[in-house]
Structures are given as C-alpha cells and as structure tokens.
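Engineer: Can you keep this structure in mind? I'll have questions shortly.
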Amino acid sequence: MTTASLQLALELRDEGIASAVASRSELVALLRAELQQIAARRQSKLATADDVHEVLVALKMRHSDLGNAAGALFRDGNWLFTGEWKQSMRSPNHARAIRVWQLKQQSNSSTNHGKV
C-alpha cells in the first residue's frame with residue numbers, strides 16, 4: 001500500500017466514523033459520559049467494549065441501536081489505548097480480543113465536546 005493509499009484509507013475511515021456518530025450523536029454522548037463515570041470509579045481508570053455492552057443493557061438497548069458509531073466511543077480524546085488486549089467476557093463474542101482503554105486525567109477546564 002502506498003502512502004497516498006494509506007492516507008486516503010485513513011481519511012475515509014475518519015469520515016465514516018464521523019458520519020456514524022452524527023447519526024447517533026445523543027446516544028454516543030450518553031454512552032461516552034457513562035463510560036467515563038464507570039472508569040473514573042475504578043482505581044485503574046480502565047474500560048472496554050464489554051463495559052459498553054453493560055451500559056446498553058442497563059439502558060434496555062442493543063448494539064444495533066449504536067451501529068457503526070460504536071467505533072467512535074473511545075475516540076473522543078478522553079481515552080488512551082493501553083496497548084493491552086483482553087478477551088471479551090461476553091459469550092456471543094467468543095472470547096475475541098478487545099482493546100483496553102484508560103481514561104485520561106481530567107482537568108476542570110478541558111472539554112472535548114464536538115470531537116469524534
């Protein structure tokens with residue numbers, strides 16, 4: 001793959017994520033806030049896609065309600081990929097590897113509203 005092809009692929013990926021978020025912006029904002037609260041209560045400040053599932057269940061929603069916007073939940077500037085992967089605990093996921101994310105330190109004056 002050439003550098004130009006990679007650049008185009010990354011741009012198309014980012015456009016797709018932005019489009020998915022725009023179509024479900026209220027749900028994405030709600031889930032991001034819930035995930036931040038969950039991680040903030042943990043000493044490790046960690047969260048995964050399994051936590052997303054737990055929030056959706058609590059809201060009586062399904063993954064299909066979130067759709068492709070799921071890929072943007074941890075991409076708002078508030079999370080760092082730890083470099084770690086863990087096996088999903090959800091049986092429908094067949095123990096597939098999922099990323100482990102860590103909530104960044106939050107300062108009172110910083111916000112990331114409007115970020116994808």
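Derivation of every value follows stated rules applied to the coordinates shown; laboratory data play no part. In this text the structure is predicted, and so the values were computed from the model without any measurement. Please note: Cβ atoms are built from the backbone with ideal geometry, for glycine as well, and neighbour counts cover all protein chains shown.
Engineer: For a test of understanding, tell me how many lysine pairs in the chain have Cα atoms under 24 Å apart, given they are 8 or more places apart or on different chains.
Structural biologist: Close lysine pairs under the 24 Å cut-off: 5.
Engineer: Provide the FRET efficiency to the nearest 0.05 for the THR3-ARG99 pair, computing r from the beta carbons and using R0 = 35 Å.
Structural biologist: 0.85
Engineer: Here's another thing I want to ask about it. What do you get for trypsin sites (Lys or Arg not before Pro) in the range 8-48 restricted to DSSP loop and a cutoff of at most 16 other Cβ within 10 Å of the site's Cβ?
Structural biologist: Answer in residue order: ARG42.
Engineer: Can you list the residues of the range 52-72 with backbone N under 15 Å from a point 7 Å past the Cα of SER44, pointing along Cα to Cβ?
Structural biologist: Hits in the range 52-72 for SER44 at 15 Å: 52.
Engineer: Please report the base-10 log of the normalised intensity I(q)/I(0) for the chain, using a Debye sum with one equal scatterer per alpha carbon and no solvent, at each q in 0.15, 0.24 (1/Å).
Structural biologist: -0.73, -1.48
Engineer: Determine, from the Cβ-Cβ distance of LYS60 and LEU12 and an R0 of 35 Å, the FRET efficiency 1/(1 + (r/R0)^6), rounded to the nearest 0.05.
Structural biologist: 0.55
Engineer: Next up: Ordered by residue, what ³J(HN,Hα) values in Hz, to whole numbers, does the range 5-22 give under the Karplus form 6.51 cos²θ - 1.76 cosθ + 1.60, where θ = phi - 60° and Gly and Pro are x?
Structural biologist: 5, 5, 4, 4, 4, 5, 5, 5, 4, 5, 5, x, 5, 4, 5, 5, 5, 4
Engineer: Just flag the chymotrypsin sites (Phe, Trp or Tyr not before Pro) in the range 15-116 sitting in loop per DSSP whose Cβ has no more than 10 other Cβ atoms within 10 Å.
Structural biologist: For chymotrypsin sites (Phe, Trp or Tyr not before Pro) across the range 15-116 that sit outside H, G, I, E and B with at most 10 neighbouring Cβ atoms in 10 Å, the list is empty.
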